[in-house]
């Protein structure tokens with residue numbers, strides 16, 4: 001398949017995952033200044049620690065992460081693989097497309113690809129000595145796409161240098177150094193979603209994907225300049241500031257209502 005077609009899927013998946021799990025507390029540049037020690041960040045870290053008591057690379061764990069709405073790169077990539085299994089995408093007749101969780105020693109991300117060898121790869125197998133080798137030495141991954149919700153970005157594997165430049169915006173480029181290994185969580189993608197029961201949080205993520213996928217395909221046809229651009233740190237930080245401000249306002253409102261209740265007694 002054309003890598004642009006796979007990139008449209010990857011960009012929409014990143015959007016869907018990040019609409020459900022908006023922030024990751026181990027991106028220090030996002031929580032710079034006073035936010036690093038904020039109650040907002042502390043509370044979310046507490047939720048992550050609770051979530052990770054049952055850590056597993058499984059569909060069930062992905063569903064749990066979507067419900068709790070917290071996660072670091074490990075959770076985000078697990079959710080991306082899970083959603084990849086149950087979304088409906090355009091795949092040419094008789095072609096196989098997969099999504100696999102891979103990673104460096106410090107980071108986890110996904111690849112959308114057509115390599116049966118990677119799909120069937122065994123646990124912790126070294127797929128390449130670096131991201132560069134992954135594209136330069138693996139002909140079966142020539143049209144692969146990096147799906148990296150942690151930094152709000154999907155990129156063609158052939159454009160791994162551009163992907164690393166995006167990582168620099170978040171100050172996390174060093175996380176991409178080292179051997180790339182298989183995390184043993186892969187799914188085949190389909191043109192029709194499987195008939196399974198899904199939770200409300202999964203349904204919302206699927207709807208986000210559907211809308212984003214339609215949008216990315218339109219961009220690919222009409223305005224390729226804005227296709228699969230990802231999100232910059234300043235944009236995410238602006239949303240974070242708004243959410244923290246809204247949380248403070250809600251807390252103040254609750255205290256006011258409680259005080260009014262006491263005064264009426």
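Computed from the coordinates by the stated procedures, all read-outs in this text should not be read as laboratory data. The structure displayed is predicted, hence computed values, not measured ones. Here the Cβ positions follow ideal geometry from the backbone for every residue, glycine too, while neighbour counts run over all protein chains shown.
Assorted remarks:
- Normalised contact order of the stretch 3-230, rounded percent, pairs of Cα under 8 Å and 6 or more residues apart: 32 percent
- Distance between modelled label sites at residue 137 and residue 50, nm, 7 Å Cα→Cβ extension: 4.4 nm
- Entry for percent of Cα pairs over 26 Å apart (calculated from the structure that is shown) out of (i) 61; (ii) 48; (iii) 42: (iii)
- Gain on full stretching of the segment that runs from residue 120 to residue 201 - 0.36 nm per residue minus C-alpha separation: 26.2 nm
- Ranked 43, 59, criterion: other C-beta atoms within 10 Å, fewest first: 43, 59
- Net lengthening on full extension, residue 235/residue 2 (0.36 nm per residue, minus Cα-Cα): 80.9 nm
- Projected label distance in nm at residue 158 and residue 43, using a 7 Å step from Cα toward the beta-carbon: 4.7 nm
- For the pair the stretch 164-226 / the stretch 2-17, the C-alpha centres are spaced 5 Å from each other.
- Calculated [θ] (222 nm, deg cm²/dmol) that DSSP helices of n ≥ 4 give over the chain, each run adding -39,500 (n - 2.57): -16000 deg cm²/dmol
- Gain upon complete extension [residue 179, residue 88; 0.36 nm per residue less C-alpha separation]: 29.6 nm
- Annotation: peptides 123-135, 101-113, 70-82, 215-227, ranked by per-residue average of other Cβ atoms within 10 Å with the highest first, follow the order 70-82, 101-113, 123-135, 215-227.
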